[in-house]
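The values are calculated or read from the model by the stated rules, or taken from the named source; none is laboratory data. In this text the structure is predicted, and so the values were computed from the model without any measurement. A quick note on method: Cβ atoms are made from the backbone with ideal geometry, for glycine too, and the neighbour counts reach across all protein chains shown. The area values use the complete protein model at the heavy-atom level, side chains included, leaving out ligands, DNA and RNA. Shrake-Rupley method; radii C 1.70, N 1.55, O 1.52, S 1.80 Å.
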Amino acid sequence: MYPQVFSAAKEVDQAFLIILGFSVFILVAVTLTMLFFMWRYHHTRNPVATDIKGSVWLEILWTALPTIIVLGLFWTGWTSFKAMRTIPEGAMEVQVEGRMWSWMFTYENGKTSPELVVPINTAVKLTLKARDVIHSFYIPAMRVKWDMVPGMETEVWFQSDRVGEFDIFCAEYCGLKHAEMLAVLRVMEPMTFDVWLEETNQADKAGLKLMEEYGCFDCHSLDGSEDVAPTLKGIGGKVRLVILPDGVEEELVADKEYLKQSVLAPGDRLVKDWDDDMPSFAGDISKDDLDAITQFLLGDKHPGEALADEEGCLACHSTTGEDDVGPTFKGLFGETRTVISEEGKTQIVIADEAYLRDSIMNPSAWITDGYDDGMPPYDDIDEKTLEGLIQYLRSMGKESSQ
Ligand code: CUA
């Protein structure tokens with residue numbers, strides 16, 4: 001069994017052992033009694049059947065006894081279930097998103113991570129969400145397992161009393177790479193954890209300070225919550241449905257230009273369903289400050305990389321040139337590749353825009369030689385996202401990588 005590093009795990013293990021113990025005891029008792037009766041009442045020893053009339057006391061006994069046993073077993077299960085379900089006040093919150101076939105953990109300060117990192121001896125509350133199909137979040141060492149159903153938000157909690165690394169699995173069959181839907185739980189000393197948490201994904205903190213000074217966070221959050229205004233979490237490269245001054249709706253990718261425009265003339269590109277409340281900062285903000293802020297919001301990443309991350313592409317495709325479950329994105333655009341059709345036909349193609357579009361929307365039609373047919377079709381992807389991804393792939397492509 002996995003080590004016991006969580007207080008509630010002890011109760012879970014206890015319930016398991018008690019139920020197992022009882023089951024074994026009853027199995028042995030019933031089997032022995034059965035064998036004894038076979039021997040004792042064999043027809044050679046007992047040629048004439050005995051006529052036994054009912055016994056009230058026996059009836060009461062064998063009704064009451066199993067009832068007590070079953071209620072007792074229920075009680076042990078119930079107490080451990082309650083311990084697992086009662087989330088302590090003030091627990092640290094982490095959002096967990098499961099998607100084919102990777103995990104994404106988001107912290108209260110907006111930091112995202114493919115690993116679940118937590119401090120020791122701290123209650124951690126996980127909010128579970130599934131992006132596409134049903135997954136199940138499973139940390140055996142914490143005895144935590146909970147289904148994730150698309151459209152439904154569920155919660156679990158745990159607390160580790162040991163520093164170390166523990167496995168995280170998906171425990172619900174969710175497609176071809178289900179078995180590879182793995183992550184690591186890393187439990188750290190509080191100090192180390194604080195340092196880790198503060199290393200924001202966005203390297204440029206000057207922008208963050210400026211945003212505080214300009215009061216951006218009076219209305220906008222970085223953690224995904226949305227009260228007065230849209231959140232700025234992961235804004236870079238996101239597709240926004242905006243309303244132009246003439247009332248026309250348009251989808252725009254939040255790139256540098258878009259973000260600048262939104263600061264200088266917020267009303268001109270109003271994100272749908274939000275009020276035109278934000279004042280224009282034109283004249284109040286210097287060009288340098290604006291640059292620093294957009295730089296911060298976009299991070300060092302190409303806006304398309306944020307998209308690729310969001311869509312889960314990076315779970316199987318690397319950006320470094322290493323081949324993963326799928327071919328790497330680095331140098332992919334413009335490359336010549338051998339592809340094999342579903343019927344086994346081989347063809348040599350150049351990875352141009354048309355090819356990439358097809359590969360995203362209908363990956364199974366032509367598989368790159370040497371890879372498995374593992375990618376789910378992204379046929380419901382919206383046009384802007386697709387364009388953003390292709391732009392990104394183009395930027396990583398052969399010609400521009402030199
Ligand atoms: Cu996700 Cu199996």
V184 - would you say it is assigned by TED's automatic domain parsing to the domain that holds V163 and modelled with pLDDT of 80 or more? yes
State which residue pairs qualify: first residue more than 20 Å from F81 (Cβ to Cβ) and inside segment 149-161, second residue among the polar types (S, T, N, Q) in any location, beta carbons under 7 Å apart, and separation of 6 or more residues or different chains. D161/N121
Positions within segment 240-283 being open to solvent by less than 50 Å² (accessible area, probe 1.4 Å), farther than 21 Å from D218 by Cβ and in contact (Cβ under 8 Å) with a residue 60 or more places away in the chain, in sequence order: L252, V253
Only one of (1) within 12 Å of the ligand (Cβ to nearest atom); (2) buried (at least 20 other Cβ atoms within 10 Å of the Cβ) fails for P119. Which number is that? (1)
Which one of G175, G207 is open to solvent by less than 60 Å² (accessible area, probe 1.4 Å), among the small types (G, A, S) and assigned to a helix (DSSP H, G or I)? G207
Could you identify the single residue in G72, G77 that is touching a helix residue (DSSP H, G or I) at 6+ places or on another chain (Cβ under 9 Å) and over 30 Å from L128 (Cα atoms)? G72
For segment 82-95, state whether one or more residues are over 10 Å from the mean Cα position of the chain (by Cα), open to solvent by 20 Å² or more (accessible area, probe 1.4 Å) and within 16 Å of the ligand (Cβ to nearest atom). no
Run down D379, D358 and say which single residue is part of a helix (DSSP H, G or I) and at negative phi. D358
Of the residues in segment 80-125, those that are of a type in the set (K, R) and in contact (Cβ under 8 Å) with a residue 12 or more places away in the chain come to R99, K111, K125
Pairs only if they're at least six apart or on different chains, beta carbon under 6 angstrom, first in segment 284-297 and touching a residue at least 24 places away in the same chain (Cβ under 8 Å), second small (G, A, S); list them, first residue then second. A292/A206; A292/G207; I293/G207; Q295/G207; F296/G207; L297/G236
Against the condition farther than 30 Å from M375 by Cα, free of Cβ contacts under 8 Å to residues at least 60 places away in the same chain, away from the ligand (no atom under 16 Å from the Cβ) and not in a strand (DSSP E or B), how does G77 come out, does it pass? no
Does any residue in segment 334-355 that is in contact (Cβ under 8 Å) with a residue 60 or more places away in the chain and closer than 13 Å to G397 by Cβ come within less than 6 Å, Cβ to Cβ, of a residue that is open to solvent by less than 70 Å² (accessible area, probe 1.4 Å) and part of a loop (DSSP other than H, G, I, E, B) six or more places away or on a different chain, and which pairs are these? G334/G397; E335/A351
Is it true that K177 is within 18 Å of the chain's Cα centre (by Cα), within 16 Å of the ligand (Cβ to nearest atom) and among the basic types (K, R)? yes
Residue ID - nearest to the ligand (Cβ to nearest atom), chosen from residues in segment 187-204 that are part of a loop (DSSP other than H, G, I, E, B) and at pLDDT below 85: N201
Being open to solvent by 50 Å² or more (accessible area, probe 1.4 Å) and in a strand (DSSP E or B) is the filter; apply it to segment 122-168 and report the residue that is nearest to V96 (Cα to Cα). K129
Suppose we keep only residues that are among the β-branched types (V, I, T) and within 16 Å of the ligand (Cβ to nearest atom) within segment 127-155. Which one would you say is farthest from the chain's Cα centre (by Cα)? V144
Is it the case that segment 104-112 has a residue that's open to solvent by less than 40 Å² (accessible area, probe 1.4 Å), closer than 17 Å to G224 by Cβ and of a type in the set (A, V, I, L, M)? yes
